[in-house]
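Asker: Starting off with a structure, shown below.
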Amino acid sequence: MRLVFFGNNWLGWKALEFLQAQGEDLAALVVHPAGRRKYGDEILATAALPPERIFDAARLREPATIAALAALQPEIGISISLGYILRRELLGKFPDGCINLHTSFLPWNRGANPNVWSIAERTPAGVTLHYIDDGVDTGDILAQERFAVEPTDTGATLYARLEAAALALFIKTWPSIRARALTPLAQDRAAGSAHRVADLAELDAIDLDRSYVARDLIDLLRARTFPPYSGAYFLHEGRKISMQLTLHDEGNAEDRAR
């Protein structure tokens, strides 16, 4: 298929590697601006495109960018770990639509940081491949898989599991996408949950004078354990004290008590 790839991060890199290995026709690459890229060098090297076919994701709303992408006559857009919203004006340039790979079990945890919210709010975890529409992660679902959050999971370990599962789902599903053999399933926009990056600020602030249910506090702390990033914190005499949670699975408690 002739495609435009919108990508960032490890997951975007590995998915692009897979598509290149399949011999797909990469019409253009859209990446984050230099200061916002993760695995940007690897993605650019894998794409191996001339500069005129590489586009800045921060300029996707500009008519000139939309026209330049449309002139390349792509059939489909593939968006993976892109931190920018694709608007209707651009989506309409792809006859086979644009597909997004999201690391949540939609309709749960649309938007940012699904690895955090699946733990902190105890909502379903999984990965979903879906069409992009004019909402945020609200388009028709093409394929998805759900899996359990382990009691030893942190934000970091669940993130890694979600990335690996998302890549596996994409690789497994791609032949059916290519053959246009999947029947999309409409999402219920009123169901599930959604979060913005800014929502983490409220979650992170631990009030030392507030009572917490132990389960809720433990889940909050492990959800925000993602070294080297700082997460949950409390204030002590004007000092900000951040916390990371270490978890060890010691096996069956009854067996250990015998």
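Asker: Quick one: would you say Leu44 is closer than 25 Å to His130 by Cβ and in the same structural domain as Arg180 (by TED's automatic domain parsing)? Spell out the reasoning first.
Answerer: Details: closer than 25 Å to His130 by Cβ: no; in the same structural domain as Arg180 (by TED's automatic domain parsing): yes.
No: the conditions fail for Leu44.
Asker: Can I ask one more? Just give me the residues in the range 203-241 being of a type in the set (Ser, Thr, Tyr), free of Cβ contacts under 8 Å to residues at least 60 places away in the same chain and within 17 Å of Asn113 (Cβ to Cβ), in sequence order.
Answerer: Restricting attention to the range 203-241, the residues satisfying the condition of being of a type in the set (Ser, Thr, Tyr) are 211-212, 225, 229-230, 233.
So of that shortlist, the ones also free of Cβ contacts under 8 Å to residues at least 60 places away in the same chain come out as 211-212, 229-230, 233.
Hits for the range 203-241 are Tyr229, Ser230, Tyr233.
Asker: So Ala191 ticks every box in (1) more than 18 Å from Ile141 (Cβ to Cβ); (2) touching a residue at least 40 places away in the same chain (Cβ under 8 Å) but one. Which box is left unticked?
Answerer: Ala191 satisfies all of (1) more than 18 Å from Ile141 (Cβ to Cβ); (2) touching a residue at least 40 places away in the same chain (Cβ under 8 Å) except (1).
Asker: To continue, here is another question. Say we look at the range 109-156 and pick out the residues that are hydroxyl-bearing (Ser, Thr, Tyr) and under 21 Å from Val197 (Cβ atoms); which of these is nearest to the chain's Cα centre (by Cα)? Let's see the steps before the verdict.
Answerer: First, pick out the residues of the range 109-156 that are hydroxyl-bearing (Ser, Thr, Tyr): 118, 123, 128, 131, 138, 152, 154.
Applying the additional criterion that residues be under 21 Å from Val197 (Cβ atoms) yields 118, 123, 128, 138, 154.
Values: Ser118: 13, Thr123: 16, Thr128: 9, Thr138: 14, Thr154: 16 Å.
Within the range 109-156, the match that is nearest to the chain's Cα centre (by Cα) is Thr128.
Asker: Would you confirm whether or not the range 89-101 contains a residue that is touching a His at 6+ places or on another chain (Cβ under 8 Å) and closer than 25 Å to Arg161 by Cα? Spell out how you get there, then give the answer.
Answerer: Quick first cut of the range 89-101, residues touching a His at 6+ places or on another chain (Cβ under 8 Å) only: 99-100.
Then drop every residue that is not closer than 25 Å to Arg161 by Cα, which leaves 99-100.
Yes, some residue in the range 89-101 is touching a His at 6+ places or on another chain (Cβ under 8 Å) and closer than 25 Å to Arg161 by Cα.
Asker: Test Arg210 against the stated conditions and say whether it is surrounded by 13 or more Cβ atoms within 10 Å (Cβ to Cβ), more than 21 Å from Leu106 (Cα to Cα) and not small (Gly, Ala, Ser).
Answerer: no
Asker: Additional query: What number of residues in the range 3-28 are crowded, with 20+ Cβ neighbours inside 10 Å, outside any helix (DSSP H, G or I) and not β-branched (Val, Ile, Thr)?
Answerer: Total meeting the criteria: 8.
Asker: Now a separate question. Only residues that are of a type in the set (Phe, Trp, Tyr) and closer than 19 Å to Ile76 by Cα: list them for the range 21-56, please.
Answerer: Of the range 21-56, the ones of a type in the set (Phe, Trp, Tyr) are 39, 55.
Passing the criteria: only Phe55.
Asker: Same structure again: Asn100: in a helix (DSSP H, G or I) and either in the same structural domain as Leu158 (by TED's automatic domain parsing) or more than 30 Å from Asp199 (Cα to Cα) (or both), yes or no? Full working, then the answer.
Answerer: Working: in a helix (DSSP H, G or I): no; either in the same structural domain as Leu158 (by TED's automatic domain parsing) or more than 30 Å from Asp199 (Cα to Cα) (or both): yes.
No.
Asker: Out of the residues in the range 110-123 that are crowded, with 20+ Cβ neighbours inside 10 Å and touching a strand residue (DSSP E or B) at 6+ places or on another chain (Cβ under 9 Å), which is farthest from Leu90 (Cα to Cα)?
Answerer: Residues of the range 110-123 crowded, with 20+ Cβ neighbours inside 10 Å: 110, 113-120.
Next, only the ones that are touching a strand residue (DSSP E or B) at 6+ places or on another chain (Cβ under 9 Å) stay: 110, 113-119.
Working: Arg110: 21, Asn113: 25, Pro114: 26, Asn115: 29, Val116: 30, Trp117: 30, Ser118: 31, Ile119: 34 Å.
Among residues in the range 110-123 that are crowded, with 20+ Cβ neighbours inside 10 Å and touching a strand residue (DSSP E or B) at 6+ places or on another chain (Cβ under 9 Å), the one farthest from Leu90 (Cα to Cα) is Ile119.
Asker: Residues to consider are Arg161, Arg146; find the one that is outside any loop (DSSP other than H, G, I, E, B), without any contact (Cβ under 8 Å) to a residue 40 or more places away in the chain, in the same structural domain as Leu29 (by TED's automatic domain parsing) and not hydroxyl-bearing (Ser, Thr, Tyr).
Answerer: Details: Arg146 fails: without any contact (Cβ under 8 Å) to a residue 40 or more places away in the chain.
Among Arg161, Arg146, only Arg161 is outside any loop (DSSP other than H, G, I, E, B), without any contact (Cβ under 8 Å) to a residue 40 or more places away in the chain, in the same structural domain as Leu29 (by TED's automatic domain parsing) and not hydroxyl-bearing (Ser, Thr, Tyr).
Asker: What number of residues within the range 39-84 satisfy the criterion of being surrounded by 15 or more Cβ atoms within 10 Å (Cβ to Cβ) and among the basic types (Lys, Arg)?
Answerer: So the answer is 1.
Asker: Report, ordered by the first and then the second residue, all pairs with beta carbons closer than 9 Å, sequence separation of six or more or different chains, a first member in the range 71-83 that is assigned by TED's automatic domain parsing to the domain that holds Val136 and more than 17 Å from Asp25 (Cβ to Cβ), and a second member that is buried (at least 23 other Cβ atoms within 10 Å of the Cβ) and hydroxyl-bearing (Ser, Thr, Tyr).
Answerer: Ser81/Thr103
Asker: What residue, among those in the range 163-207 that are surrounded by 15 or more Cβ atoms within 10 Å (Cβ to Cβ) and among the hydroxyl-bearing types (Ser, Thr, Tyr), is nearest to Glu24 (Cα to Cα)?
Answerer: Per the criteria, the residue is Thr173.
Asker: Let me ask something additional. Out of everything in the range 30-57 that is of a type in the set (A, V, I, L, M) and under 18 Å from the mean Cα position of the chain (by Cα), what residue ends up being farthest from Tyr84 (Cα to Cα)? Explain how you work it out, then say what you get.
Answerer: Here is the first cut: in the range 30-57, the residues of a type in the set (A, V, I, L, M) are 30-31, 34, 43-45, 47-49, 54, 57.
Narrowing the set further to residues that are under 18 Å from the mean Cα position of the chain (by Cα) leaves 30-31, 43, 57.
Details: Val30: 10, Val31: 10, Ile43: 17, Ala57: 7 Å.
Taking the candidates together, the pick is Ile43.
Asker: Still on this structure, please answer the following. With respect to Leu169, is the statement that it is under 19 Å from the mean Cα position of the chain (by Cα), within 30 Å of Val4 (Cα to Cα) and assigned to a helix (DSSP H, G or I) true? Write out each step before concluding.
Answerer: Numbers: under 19 Å from the mean Cα position of the chain (by Cα): yes; within 30 Å of Val4 (Cα to Cα): yes; assigned to a helix (DSSP H, G or I): yes.
It is true that Leu169 is under 19 Å from the mean Cα position of the chain (by Cα), within 30 Å of Val4 (Cα to Cα) and assigned to a helix (DSSP H, G or I).
Asker: Now a separate question. Being surrounded by 15 or more Cβ atoms within 10 Å (Cβ to Cβ) and among the polar types (S, T, N, Q) is the filter here; which residues of the range 213-234 pass it?
Answerer: Hit for the range 213-234 is Thr225, nothing else.
The values are calculated or read from the model by the stated rules, or taken from the named source; none is laboratory data. Predicted model only: the values in this text are computed from it and were never measured. Quick reminder, even Gly has a Cβ in these numbers, built from the backbone with ideal geometry, and neighbours come from all protein chains shown.
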